[in-house]
Amino acid sequence: MDPSLPYQPALDYISNRMSEVNGFLSPLDAGLILALDLAQKGAGIEGNMAEIGVLHGRSAFLMAYLLREAERVEAIDIFDMYWPNPPYNHPDAFIGNALKLDIGLHRFNLIKADTTKEAARVIEEVGERKARLFHVDGDHRLMHILADSQIALAC
């Protein structure tokens, strides 16, 4: 990769590969994440990125393309906790997509948790590493949005 084009892998992912991953992140939303990352890096802000509601990794993979070497994506989801749900949040889908896109799994810290019941554990695990960008896209019911937003603010 040409070091003068640090956003090229992220732009390529958005334009050519993101549609291969099941999820709800739109190109517009992806552009907003890119803009936030650019502003943070310009201001010298460092830290991990985090996401509640990973599904198959669509937005987590974008974040992985934006990480500095020492940073990680804190990927928080119920994953297969409430099986037999449809395999919507099965970790194998996330891992398979990461391998298909050649994104190293070492870039992620997968945290299997129900954020409405295990907020303290999630905050402890993510909070000690701090998150510079936190994407909340878990369950869209009000109680979950409130719980997930409180976790994001604490981290």
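Observations on the model:
- Under the condition of being surrounded by fewer than 19 Cβ atoms within 10 Å (Cβ to Cβ), in contact (Cβ under 8 Å) with a residue 60 or more places away in the chain and within 26 Å of Ala113 (Cα to Cα), the residues counted in region 21-57 number 4.
- Residue tally, condition over 12 Å from Ala60 (Cα atoms) and surrounded by 13 or more Cβ atoms within 10 Å (Cβ to Cβ), over region 102-120: 8
- Residue in region 27-39 that is acidic (Asp, Glu) and assigned to a loop (DSSP other than H, G, I, E, B) present: no
- For region 91-98, the condition holds for no residue, the condition being that it is at pLDDT 95 or above, under 21 Å from Ile33 (Cβ atoms) and open to solvent by 40 Å² or more (accessible area, probe 1.4 Å).
The values are calculated or read from the model by the stated rules, or taken from the named source; none is laboratory data. Predicted model only: the values in this text are computed from it and were never measured. Here Cβ is always computed from backbone atoms with ideal geometry, including for glycine, and neighbour counts include all displayed protein chains. Remember, those area values only see protein heavy atoms, side chains included, never the ligands or the DNA or RNA. Shrake-Rupley method; radii C 1.70, N 1.55, O 1.52, S 1.80 Å.
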